[in-house]
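Structure record follows, encoded as C-alpha cells.
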Amino acid sequence: MGYYVRVLSTSTDCVSLSELQATIKKEKLRATLSADAGPEDWEQLILSHADGRAIASIERNLVEEGSLGSDELAEFAEEVAECKPVNAAQWLLEYFHRIRCIYAFQVLSGTDHLNGWEILEAVKNRIRTAAPSILQADNEGFSNEEGYHILWQFSDSVDGDWWMAVLQNGRWKRFEMDLGNPKHRESFFQGQIPDGAKLP
C-alpha cells in the first residue's frame, strides 16, 4: 500500500501545476511535475527528480458525498476518536468538518535519492499554505495548522526529537520533546508540556 503523507485543506480550489512548478523554481530545486489532466484542475501528479526518478505520486481528492476523500476522512475520524491527547482528538474531529480536499502524497523511492525529501517538503508546504490546512502522516499522526504535531499515533518503539504542540486554554503551545522518553510521552498524552522539553 505504501507510505502516505497528506495535506487536508479547507479549500476546494486546486493548487495549480504552474504554482507548484514556480515553487520548485524559486527554491532552485532540480525536479519536475507532470499532470494526468489539465494543469489547473489536476487529480494526480508525479513529482520526480530531473533524472526521472519518482519522488512521490500526488492525488487530489475532493471531500464530497460518496467520494474517496469523504471515505478517507470518515476513517480518520474513527481512528482519531481513541487517540491522545483527548482535547487534540476533539479539536481534530471538529476541524474535519471544515476539510474540503485531501492531497495524498505516496512516498516513492526517489525521496531517499539526493535531496528528494527536501523537494517533497517544498511542494507539500506550498499546498499546505495555500489555504488553512492540517497535515497527516501514516503511523505518526496529525498536525495543527502551523504544522506542529498534535496527536500520538506513533509506534511504541519510536524515538528522536520532534516538534509538538498541546492545546491549553484554547491556544496551541509548541515545544520539542524526546519521543522515546516515557515521561515526555505521558505528559503529552495528558496535554501537558513535558519537563525538560525544549521551548521555542
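Is at least one residue of region 7-19 buried (at least 17 other Cβ atoms within 10 Å of the Cβ), of a type in the set (Asp, Glu) and in contact with a strand residue (DSSP E or B) (Cβ under 9 Å, 6 or more places away or on another chain)? Looking for residues that are buried (at least 17 other Cβ atoms within 10 Å of the Cβ), of a type in the set (Asp, Glu) and in contact with a strand residue (DSSP E or B) (Cβ under 9 Å, 6 or more places away or on another chain), one finds none in region 7-19, hence no. Here Ala35 meets the list (1) closer than 16 Å to Tyr4 by Cβ; (2) in contact with a Phe, Trp or Tyr (Cβ under 6 Å, 6 or more places away or on another chain) almost entirely, failing just condition (1).
Taking region 109-158 as the range and being of a type in the set (Asp, Glu) and in contact with a helix residue (DSSP H, G or I) (Cβ under 9 Å, 6 or more places away or on another chain) as the test, only Glu145 passes.
Scanning region 154-174 for residues that are crowded, with 17+ Cβ neighbours inside 10 Å, within 20 Å of Phe76 (Cα to Cα) and of a type outside the set (A, V, I, L, M) gives a single hit, Phe154.
Among the residues of region 74-88, the ones that are surrounded by 19 or more Cβ atoms within 10 Å (Cβ to Cβ) and over 16 Å from the mean Cα position of the chain (by Cα) come to 1 in all. Pairing each residue of region 8-37 that is within 19 Å of Ile55 (Cβ to Cβ) with any residue that is among the hydroxyl-bearing types (Ser, Thr, Tyr), provided the two are 6+ apart or on different chains, yields C-beta distances under 7 Å for Ala31/Ser48; Thr32/Ser48.
This table checks each residue for (1) surrounded by fewer than 20 Cβ atoms within 10 Å (Cβ to Cβ); (2) more than 22 Å from Arg60 (Cβ to Cβ).
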residue: Leu93; (1), (2): yes, yes
residue: His97; (1), (2): yes, no
residue: Ala104; (1), (2): no, no
residue: Trp117; (1), (2): yes, no
residue: Leu120; (1), (2): no, no
residue: Val123; (1), (2): no, no
residue: Ile127; (1), (2): no, no
residue: Ser133; (1), (2): no, no
residue: Ala137; (1), (2): yes, no
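In region 32-85, of all residues being under 21 Å from Ser9 (Cα atoms) and of a type in the set (Ser, Thr, Tyr), the one that is modelled with the highest pLDDT corresponds to Ser57.
Filter region 24-71 down to the residues that are buried (at least 18 other Cβ atoms within 10 Å of the Cβ), in a helix (DSSP H, G or I) and either acidic (Asp, Glu) or touching a helix residue (DSSP H, G or I) at 6+ places or on another chain (Cβ under 7 Å) (or both) and list them by number. Ile24, the sole residue that qualifies. With respect to the conditions (1) over 12 Å from the mean Cα position of the chain (by Cα); (2) part of a strand (DSSP E or B), Trp91 lacks only one, and its number is (2). The strands (runs of 3 or more DSSP E) falling completely within region 108-200 that include 1 or more residues that are free of Cβ contacts under 8 Å to residues at least 40 places away in the same chain and under 14 Å from the mean Cα position of the chain (by Cα) map to 161-168.
Reported count of residues in region 73-88, each being out of contact with any Leu (no Cβ under 6 Å at 6 or more places or on another chain) and outside any helix (DSSP H, G or I), is 4.
The values are calculated or read from the model by the stated rules, or taken from the named source; none is laboratory data. Please read all numbers here as calculations on a predicted model, not as lab measurements. For neighbour counting, all protein chains shown are included, and Cβ atoms are generated from backbone atoms with ideal geometry for every residue, glycine included.
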